[in-house]
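Working notes, structure below.
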């Protein structure tokens, strides 16, 4: 005779998700999750979610495109002929990105160079 087995309890198709987020964003994420459940979904702008990056779009863009392509600053330096320390300074807002530099970065990162101006 077969013994009864315990079945895993299924909570009507719901899943539990645990996230680690910055405390400043926790309430926004909870609000967003509630809105999805009720069907009144709201979109948040990047500026609302990450206000610390306002005015730093160029620096953020270089780092983001570099990460998208899975390349290091040193590799980007080799590809563009721009010294690695200059790339670091550009990413940290300590060096201005000129049009020629932006074009080299755009070509290497497969992005529109205007993103970096």
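The values are calculated or read from the model by the stated rules, or taken from the named source; none is laboratory data. Since the structure is predicted, the reported quantities are computational estimates derived from the model, not experimental observations. Cβ: placed from backbone, ideal geometry, glycine included. Neighbour counts: every protein chain shown.
Among the candidates 97, 62, 71, single out the residue that is outside the structural domain of residue 18 (by TED's automatic domain parsing), under 30 Å from residue 19 (Cα atoms) and not in a helix (DSSP H, G or I). Before the answer, list the steps.
Numbers: 97 fails: under 30 Å from residue 19 (Cα atoms); 62 fails: not in a helix (DSSP H, G or I).
Going through 97, 62, 71 in turn, the sole match is 71.
Kindly indicate whether residue 60 is closer than 14 Å to residue 111 by Cβ, surrounded by 13 or more Cβ atoms within 10 Å (Cβ to Cβ) and at pLDDT below 90.
So residue 60 fits the description; yes.
For the stretch 18-53, which positions are outside any helix (DSSP H, G or I) and at pLDDT below 80?
If the condition is that a residue be outside any helix (DSSP H, G or I) and at pLDDT below 80, then 39, 40, 41, 42, 43, 44, 45, 50 are the ones that fit.
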